[in-house]
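Throughout, read-outs are computed from the coordinates displayed, never taken from laboratory work. Small disclaimer: the values here were computed from a predicted structure and weren't measured. Positions of Cβ are generated from backbone atoms using ideal geometry, with glycine treated the same way; all protein chains shown enter the neighbour counts.
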């Protein structure tokens, strides 16, 4: 009897995975996130992507993910900060690879960056926000050289 109940429980969890994912997607405001673990796997595999770091200059200088493009646009709340996102905008618009948005905490600044790029014609599906931001990145960081 216990085995049967356990199998039914597992089956219910599997069937609920789709609605649960939809539930969390709804509350994420339609933004896509990538975990540090998944991003690190993609980096090690050599996947093509753009790493766009919006952290302030001092935080970028302390350490950033190798290969990141420095914009210092955080917190992207005013025109001057958003203008810093125009660095390489034409190439981003023409490209098709994923754009990983890296901000200090993976929150508002990153979401505003996604919104800004979407308003400039970049497909929102290409943009992923680093979950919990750079402050929680447990892998290699390099200082600005």
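A few comments on the model shown:
- Exposure proxy ranking, count of Cβ atoms within 10 Å, fewest first, for 70, 37: 37, 70
- Peptide ranges 133-139, 102-108 listed from the most packed, as the mean C-beta count within 10 angstrom indicates: 102-108, 133-139
- Note on region 76-134: Kirkwood hydrodynamic radius from all Cα pairs is 11.5 Å, rounded to one decimal.
- Here 58, 115, 53 are placed in order of increasing Cβ neighbour count within 10 Å, fewest first, which gives 58, 115, 53.
- Cα centroid of region 48-72 to Cα centroid of region 95-125, whole Å: 14 Å
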